[in-house]
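The values are calculated or read from the model by the stated rules, or taken from the named source; none is laboratory data. Source: prediction; values computed, not measured. Cβ placement follows ideal geometry from the backbone for every residue including glycine, while neighbour counts extend to all protein chains displayed. Surface areas here come from the heavy atoms of the whole protein model, side chains and all, with no ligands, DNA or RNA. Shrake-Rupley method; radii C 1.70, N 1.55, O 1.52, S 1.80 Å.
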Amino acid sequence: DEKICLVGHSLGGYLAARFAMRNSNKSNGSGANITKLILASPVGFQPPPPPGQRLPFSNLPPAMRLLDALWSANFTPQQIIRLMGDKRGKRMVERALRGRIPHLSPSDVELLAEYFYHITVAPPSGEYAMNSLLEPAVASEGGAGVYARESLGGGIMTEMLSQNGESCIKSVKVLFGD
C-alpha cells in the first residue's frame, strides 16, 4: 500500500484536487493512498460569479465577445497563439506576461516569454480539456476571469479532509502567487 504525494499546478492542480476528492476514501477500499496533496496556483477555488452578476453577452466589448465565441467553439488560448504565428505570437505572450507579472525585469520577461511561447505552440495535448472544465465570465463588478465549472471552493476541500477518518489525506498545501 504505497503512499502517494500528489502535486498539481494550475489546471493540473484542479485535476489533482478533483482526483483526490474522488479517490481518497479509505472506507470503501478502492481509494488511492494519497497522503499529501500539494496544489500550486490551482484554478477552481474562486466560484464563478452568479448569472445575475455577470455582464450580458451583448454588453461585452467586441474583443471579449470574440474570445467568448472562440471559447464556445472549443478554441484554446494555445490555438490562438499558434494562429498568430511566430512574431505576433511571441509579442502577445510577452504582453500577457508584462500585464500579469509587472515587476519582472525586461530580460526576465524575455526569457519567460520565450519559454511560455514554445510550450504554448507545442503540439496540443490536454489543452482541449480546458474548455470543458473551465468557463470565462465577466462580472459586472470585478472584471473578467476564467472559472472552474465545478468549483473547489465553498468548503468542499474542508469537507473532504474532515470525513471522520474516512480520508487518507493528512496534509493539503495550497500555494498561490506569481
Look through 42, 47, 51 and report the one residue that is at pLDDT below 85 and under 20 Å from the mean Cα position of the chain (by Cα). 47
So, in the stretch 46-85, exactly how many residues are exposed (fewer than 11 other Cβ atoms within 10 Å of the Cβ) and in contact (Cβ under 8 Å) with a residue 24 or more places away in the chain? 0
Is it the case, given these coordinates, that residue 98 is buried (at least 17 other Cβ atoms within 10 Å of the Cβ) and basic (Lys, Arg)? no
Restricted to the stretch 152-178, and to residues that are farther than 16 Å from residue 9 by Cα and of a type in the set (Gly, Ala, Ser), which residue is modelled with the lowest pLDDT? 165
Taking the stretch 30-70, which residues are in a loop (DSSP other than H, G, I, E, B) and among the small types (Gly, Ala, Ser)? 30, 31, 32, 41, 44
Qualifying positions in the stretch 5-29 - open to solvent by less than 60 Å² (accessible area, probe 1.4 Å), assigned to a helix (DSSP H, G or I) and modelled with pLDDT of 85 or more: 11, 12, 13, 14, 16, 17, 18, 20
Residue 111 meets each of (1) open to solvent by less than 80 Å² (accessible area, probe 1.4 Å); (2) out of contact with any Lys or Arg (no Cβ under 9 Å at 6 or more places or on another chain); (3) under 25 Å from residue 176 (Cβ atoms) with one exception, condition (1)
Got a sec? Which helices (runs of 4 or more DSSP H) wholly within the stretch 71-160 have at least 1 residues that are touching a strand residue (DSSP E or B) at 6+ places or on another chain (Cβ under 7 Å)? 129-133
Any chance the stretch 91-103 includes a residue that's of a type outside the set (Ser, Thr, Tyr) and closer than 18 Å to residue 131 by Cα? no
